[in-house]
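One structure is given below, encoded as structure tokens.
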């Protein structure tokens, strides 16, 4: 019941909101490859966690230690990232991952409208700063990275 | 008692301060495994997969009908920014996580439990207090540095969800612009009474790009902390009340 009331409230508020905002829906082009150096640690972490109960769905994650992949370029499965599909191709040279490319990345609704400071007098701004990390629970994004890792794992399973 | 299992490809942690039999926690994990079996877009024999292969609506489970109804409702509220239809296939993953956490929390409340949290892949419902009577402390992960916390929140009786971009090294990969963009959004964290609402609106807000915080600001009872890919955060005024 509370949820229904909230739902209607939200609908009303959103209606008002949408009158004031112009939505644009540009299509985005496929990305170039990602550059970075932290891939191995990311993979190691993922392999151990995804191997936990084996209930994550797609093919089993590779359990090979790094450095034993066969050279070549391997294309991963298409994984769903909610915003759209993610597909990766991984290039192995000298037994190591040297590149990961996105063959598909989500096209999604997006907007290039800048926040109009005048229209939003109540928002505040700050530069993010590291805090004492002594917390009980951590909130953070997982969605797209899961799909990325899933596609990457299936690519590596072929290597 | 605290326990973690990997289900739906993500760690799910349940901590209950009140003394409870182990079976209660086991029961919750089996609930999450059931959700995975029913709603997984990756399992060929899930109910969702069967629906995408043409299972008629009359044969859908009660849970599936509810999730589909909520998905449609969310799509309308968000003017299509939340949409489970992808190339003719339905995938309500963007809502199922929050929905299942909310369901699990309800199960504990129905048993009279007041002090616990449920965390599924960084989306959280936290109730009552932690072990020493303090409210739960929830850290917002730095989307630029995975092992760093940029905000510590005091949370009790609330849901907290974060939606964001893929993180790699120092770069945020922005799906809206396809590159590490100074104009994009790295993550948006939403606080609401209920994790179901926090999760679905965090998802929709993130899909809107920098305007996302604008959506949350106008939802009564919701607060948000949006980290843009230039390292600047924008937040709703009521958010400060939760900052430790």
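If a residue has to be more than 20 Å from residue A:77 (Cα to Cα), outside any helix (DSSP H, G or I) and free of Cβ contacts under 8 Å to residues at least 40 places away in the same chain to count, how many in segment B:8-54 make the cut? Counting residues in segment B:8-54 that are more than 20 Å from residue A:77 (Cα to Cα), outside any helix (DSSP H, G or I) and free of Cβ contacts under 8 Å to residues at least 40 places away in the same chain gives 3.
Among the residues of segment B:218-243, those that are buried (at least 22 other Cβ atoms within 10 Å of the Cβ) and not in a strand (DSSP E or B) comprise B:219, B:222, B:229, B:236, B:239.
Per-residue answers, yes or no, for (1) more than 7 Å from chain A (Cβ to nearest Cβ); (2) within 18 Å of the chain's Cα centre (by Cα):
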position	(1), (2)
B:107	yes, yes
B:110	yes, no
B:118	yes, yes
B:140	no, yes
B:144	yes, no
B:148	no, no
B:157	yes, yes
B:163	no, yes
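The number of residues in segment B:87-110 that are out of contact with any strand residue (DSSP E or B) (no Cβ under 6 Å at 6 or more places or on another chain), over 15 Å from residue B:197 (Cα atoms) and buried (at least 18 other Cβ atoms within 10 Å of the Cβ) comes to 0. Only one of the numbered conditions (1) modelled with pLDDT of 95 or more; (2) within 14 Å of chain A (Cβ to nearest Cβ); (3) surrounded by 19 or more Cβ atoms within 10 Å (Cβ to Cβ) is not met by residue B:33, and that is (3).
Among the residues of segment B:14-25, at least one is closer than 23 Å to residue A:136 by Cβ and under 19 Å from the mean Cα position of the chain (by Cα). Selection of segment B:60-88 for residues being within 9 Å of chain A (Cβ to nearest Cβ) and assigned to a strand (DSSP E or B) yields only B:86. What do you reckon, is residue B:199 at pLDDT 90 or above and more than 7 Å from chain A (Cβ to nearest Cβ)? Answer is yes for this residue.
May I ask you to verify whether residue B:79 is free of Cβ contacts under 8 Å to residues at least 24 places away in the same chain, farther than 19 Å from residue B:46 by Cβ and over 16 Å from the mean Cα position of the chain (by Cα)? Spelling it out, residue B:79 is indeed free of Cβ contacts under 8 Å to residues at least 24 places away in the same chain, farther than 19 Å from residue B:46 by Cβ and over 16 Å from the mean Cα position of the chain (by Cα). Against the definition (modelled with pLDDT under 95, touching a helix residue (DSSP H, G or I) at 6+ places or on another chain (Cβ under 6 Å) and over 21 Å from residue A:137 (Cβ atoms)), how does residue B:42 come out, yes or no? Judged against the criteria, residue B:42 is not a match. May I ask you to verify whether residue B:190 is facing another protein chain (nearest Cβ under 9 Å), under 25 Å from residue B:115 (Cβ atoms), crowded, with 24+ Cβ neighbours inside 10 Å and modelled with pLDDT of 95 or more? Answer is no for this residue.
The values are calculated or read from the model by the stated rules, or taken from the named source; none is laboratory data. Being a predicted model, the structure only gives us computed values, none of them experimental. Because the Cβ atoms are built from the backbone with ideal geometry, glycine has one as well, and the counts that use them run over all protein chains shown.
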